[in-house]
1. Could you tell me whether region B:235-248 includes any residue that is farther than 20 Å from B:SER395 by Cβ and in contact (Cβ under 8 Å) with a residue 24 or more places away in the chain?
2. Does region A:95-128 hold any residues that are under 21 Å from A:ARG204 (Cα atoms) and over 23 Å from the mean Cα position of the chain (by Cα), and which are they?
3. Give region A:475-496 a look and list any residue that's exposed (fewer than 12 other Cβ atoms within 10 Å of the Cβ), modelled with pLDDT under 85 and in a strand (DSSP E or B), or say none.
4. Given the conditions (1) open to solvent by less than 10 Å² (accessible area, probe 1.4 Å); (2) touching a residue at least 40 places away in the same chain (Cβ under 8 Å), report the number of the one that A:ALA368 does not fulfil.
5. I'm trying to understand the selection: among the residues of region B:41-50, which are touching a strand residue (DSSP E or B) at 6+ places or on another chain (Cβ under 7 Å) and surrounded by fewer than 21 Cβ atoms within 10 Å (Cβ to Cβ)?
6. Out of region B:308-358, which residues are closer than 30 Å to B:ASN418 by Cβ, touching a strand residue (DSSP E or B) at 6+ places or on another chain (Cβ under 7 Å) and not hydroxyl-bearing (Ser, Thr, Tyr)?
7. Which one of these is in contact with a Ser or Thr (Cβ under 9 Å, 6 or more places away or on another chain) and either within 26 Å of B:ARG56 (Cα to Cα) or not assigned by TED's automatic domain parsing to the domain that holds A:GLY404 (or both): A:LYS178, A:LYS158?
8. I want to confirm something. Restricting to region A:106-136 and keeping residues that are among the charged types (D, E, K, R) and closer than 16 Å to A:LYS272 by Cα, which single residue is surrounded by the fewest Cβ atoms within 10 Å (Cβ to Cβ)?
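The values are calculated or read from the model by the stated rules, or taken from the named source; none is laboratory data. The shown structure was predicted, so the numbers you read here are calculated from the model rather than taken from an experiment. Positions of Cβ are generated from backbone atoms using ideal geometry, with glycine treated the same way; all protein chains shown enter the neighbour counts. Keep in mind that these areas ignore ligands, DNA and RNA; they rest on the heavy atoms of the full protein, side chains included. Shrake-Rupley method; radii C 1.70, N 1.55, O 1.52, S 1.80 Å.
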Amino acid sequence: MKVLLVGSGGREHAIAKLIRRSLLEPRIFVAMDYRNPGLEKEAEDTGGGWRIVKTTDPQSVAKVAEEVSPDLVVIGPEEPQFHGVSDILREKGFVVFGVSRRCAEVEKSKVFARTLMWKYGIEGRLYFKAFRDLSEARKFIEFAGDVVIKPARQAGGKGVKVLKDTQAYLSKDRQEVKKTYVEKLFSEMEHFVDIDYKILVEQRVEGVEYTSMVITDGDTVLPLPLVQDHPHAFEFDVGPETGGMGSIQGPGWLLPFITREEYLKTLEIVKKVLDVLQLEVRDRYVGAFAGQMMLTGIWGPTVIEFYSRFGDPEISNLVPIVVNDFLEILDRAASRRLAGAKLEIDEESVTIVKAIAPAGYPDNKVLASNHPIAIDEQRIRELGCETLYASIEMRNDGFMYTKGSRVFEIVCVGKDYEDTYKRSELAVNYVRTLDGHPLFYRRDIGSKELLSDRVRVAEKVRIVYRSRAEKGLLGKMLVWVPGEGIFENPLIGFVR
Amino acid sequence: MSSLLTVYAFDELWSLVNIVRYGFQALQHRGSQLYVLCTVKDGVTCYEDDDVDISRHALDHVAIAATYADKNGIKTSVVSRDGVEVAVVTDRAWRKLPDFASELIREVKRCRNVEEAFKSTLQRFVDEKDSIPSIQILTNNREVIAWRTPHGLTPLVLGSYCFDMAIVSSESTAVDILGGDVKKFMGAGEGVYISRYLVKTFATSISKEPSLCMFEPLYIARHDAVVDGVSVYIFRKLLGEKLAEHLDTEVDVVVGVPETAIPYAIGFSHKIGKPFELAFVATGGRRRSMLLSDPFEKIIAVHLKMNPVKSVLEGKKVALIDDSMVTGATMKTVAQILRFRIGVKELHIFIASPQLISTCPFGIVNLDMKTLLAANLSSDLARDYLEADSLHWLSREDVDTVCRKFSLKLCGRCFGVNFLGG
C-alpha cells in the first residue's frame, strides 16, 4: 500500500513508525517542509520516498500526491488542514485521513470552538470574551480579573498568558501586565488575516491537564488511551509554555490520576463536540480529534482547547503500545469504514516521552536554531526506547541541525513508571550538540514525585467538583453585584 | 536569622516593585532589620536599607533579595571584571564571602558557564570547621543561582507563578503570598540555575549529612509554612502533644506565649482535654522579641505583646507553653504578669524544646553562653527564678520521636547533641 504522509515533525515521525509495521506493507512517501532525517529513513526503509514542499500549500501537496499516486494520504499537522490541503486532495479523488478546512475550524478558531460549546450547552465549557479590535479589548481588560489571555487563532501553542489574579494586593501589577500584553498580542495577531477575532479573554482554571485523542470517520469514534503532556519548559512545572516537553501514558486507557467516570465524561464531551461541529459546518469530520482537557474544580473534565489532529508529543506515547494494525484503522477512517474497528493496546505497559530542546526554545527561535546535533540511536534502542526526529534538519554538509523547536522525542516503554523512568533518564544522555549549545529536557517527567503530585492535585479538585455537582453548581461562577443582582461572570476582577 | 528571595520573571513585561515588597513582607518574621536587593540596571546593583520600601529599586524583571535580623558581618558582595558583574548574597554573615566572590568571577570569566563556575568555586571553599551559608548570585547577564547550604540548616524552596515566574525563597510563605505554587523543596547542597532560556536544578558534591536547624520548625518559620515537606503547624502541634505527657498535676487552662507558641498550646490542650485560652493580646502589630538583640528593646516588645485577658486566668491553675527558652527574660516577664497582675493559682511552665545549653556553631541563632538560662541555672533554680510551680522541657528523645514521624532530621548542636530525629 502506498501512503503519502504530509508533515515534517515528531508527530509525523510517530505516525510513520505506527503505520510501517502494518500487514498492508506500506511504502511511505513523505511530503515535508525540510529534510527531517527520521522521516527520510522511514521513507527509504519502506521503499517509499520523500519530497520537500511547502506543506501548507494545497497545490504543491496535490502535485506530490499526483506524482506518488498514494492509496492513502495522512495529514499530520493542523496548518495544512487550515489551508485546505485535505479538501483539494479529496476533490482530486484521493483517500485522505485528515480534516477538512471547515472542520479544522474547531482548532483554528478558539472563538468558534468555545461558541460551539456554549451554543449547544456542552459541559466543560469556560467563560470567555473575544475581541476584534484593540480599543474594546483595552476597555475590558481594565476590569478583568482572574483570566487567561489567548490568541483567538491556534498559533502553535504559543501566546497564551495565564494571569492568576486571586490576590487583590498584587492585582494592579497583574493588570499592568494584562494591558501591555493585550497590546502586544494584538500586534502579533495582525498578520493572521484568516480570522475575525484576534484575541480571547478566558476564565482561568486550575487542575491537572490530560489529552483525550480519538480517530473518527464522522460516524464512529474510536478513542485512544489518555495521555498527559507537560507544557512548562522547565522542570517542576516552571517556566514558559511550550508545545509540550514530554508526556506520559498508562497503564491502560486511563492515567493514574483520572477515574473511569472522568474518562467516560471526557469522551462524552468529545463525541458531542464532534456531532455538533459536523452539524454546524455541514461537513464530515474524517481524521484525528483531541480534547486538551483539564480536570478542574469548576466542572470536573473541562475543555482547554481542541486539536483537529493527533497531539504532539501525545501521539508518540502510542508508538510502542499499539498492538494491532494502526494503518488499517487510519485507512478505514479515511474511507469511512471505521464501524467495527478496534484499537488494541498493550494495557500492561506505561510509556514516557521526553522531548529534548535547544536553549532558546520556546521564546527565542534564532538562539535555538542552526546548532549541529548528534544522537546515538543505537544506545537508545538498547535501553528499550525509540527516537523520534522532530525539529531537526539534515543539510547538504551531512550534519543535522536544530530548527528552533524540540529536536528529538525519546519514547520509552516499560512495565511501570519507575523502571521506564530510569531508562528514559539514561536515554536522553545520548543526544548532544556539536557546538556546545546547551540542550534541555525535563528530568521530572515520569518521576514518582511528579506523578504523586498530580494524584494529589486531582484529588483536591475532585472533592471540589463533586461537591459542586451535588449542589447543581457545575460550571457556574456566581458573582453578586449589590444593587444589581447575581450574575455569572468570572472574568471580572477586584476593581470595578 | 534571615531569608533569601529570588524572583525571576521570564517575561520582561513585569515590574517587580510590589512583588518583591510583598515577598519581603511574607519573610519579615525571619528578620526585618536589614533588607538587601540586587537587580540589573546597566550592570548589577545592590541596595541595602532598613526599610521594606527598598523594593522600589526592583524595576527590572529579575531580582535577588534578602532580609536579615541583624546588620552584622558581610552578607553581600558585588564584584566586576572585564564586563562581567556578579552579586553574591548569603543568608548569614560569611567572612570568606569577598574571596568567594572574586574567585567566582574569575571562574565565570574562565569557563563562561555560570553554573560550572559556581560549582568549581564552591569546591575551593569547603572547610570542615566552617559551613558555607545558602547563596544567591545574580550576573549582569541576568543569570541567577540560588543554592542551599550543604548542611541544609536553613531551608530553600523553588516555586513558580503560572508560565511567568520562577520564585526561590527561604520559606514557602513567600511563594504563597506571591500567588505561586511551591514546586520543590531544595535538598541540602542543591541549587537551581535560572536564566531567560534555561532553568535547571543541580546537586553539588559537597553536601554534608543534612540536618535542618531545629529553630526553623520550632520558632523561625511561620505556622503556615511548609519546611522540607513538613507542615510547621502540625509539627508544632505534635510537639505540644508530646509536651503534655510531662504534665504530672491538674491544670484548669492551657495558654501559649504569643504567638509562636499557640500551636504548641493547642496540641497540649487537645492531649489533656483542658481548654486552650487566648490569654494575651498584642499592641502595635507583631514583633518577634527573640529577634531583637538590644535587651531593652526586647523587653519593650515583650511588654507590648502581653496584655493579659484577666478573666480567663484569674484564680486558675495554668499550664503556660512556650516554644523555647533562651535567656528566660520573656518567660520571666510573662510569669510576673500572670502572678502579680492576674493572680493565677498555680503556674506550670512547659517548654517545647530540650534545654538550650550551647551556642550555635553556625551562627544561625545568636546565642551567648553566659546568658543561656539552661546552661547556667539548675532546673530548680530556674523554676524558682521564674516563680513557677513546676518547669518542664521536652526531652531530646521526645523530639526524636516527633521528628521520625515526619522523617525529619534536625541539627541539635545548641541542645547538646549532633542530630535530633532522622
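1. Taking region B:235-248 first, the residues farther than 20 Å from B:SER395 by Cβ are none.
Checked region B:235-248: no residue is farther than 20 Å from B:SER395 by Cβ and in contact (Cβ under 8 Å) with a residue 24 or more places away in the chain.
2. Within region A:95-128, the subset under 21 Å from A:ARG204 (Cα atoms) is A:106-119, A:121-128.
Listed by number, the residues that qualify are A:LYS119, A:GLY121.
3. Result: A:TRP480, A:VAL481, A:GLU488.
4. All conditions pass for A:ALA368, except number (2).
5. From region B:41-50, those touching a strand residue (DSSP E or B) at 6+ places or on another chain (Cβ under 7 Å) are B:43-50; that's our starting set.
Passing the criteria: B:GLY43, B:THR45, B:CYS46, B:TYR47, B:GLU48, B:ASP49, B:ASP50.
6. Listed by number, the residues that qualify are B:ILE321, B:ASP322, B:MET325, B:MET331, B:ILE349, B:PHE350, B:ILE351, B:ALA352, B:PRO354, B:GLN355.
7. Numbers: A:LYS178 fails: in contact with a Ser or Thr (Cβ under 9 Å, 6 or more places away or on another chain).
On inspection, the qualifying residue turns out to be A:LYS158.
8. Let us first name the residues in region A:106-136 that are among the charged types (D, E, K, R), namely A:107-108, A:110, A:114, A:119, A:123, A:125, A:129, A:132-133, A:136.
Imposing the further condition that a residue be closer than 16 Å to A:LYS272 by Cα reduces the set to A:107, A:114, A:119, A:123, A:125.
On the way: A:GLU107: 23, A:ARG114: 22, A:LYS119: 11, A:GLU123: 17, A:ARG125: 23.
Once the filter is applied, the top-ranked residue is A:LYS119.
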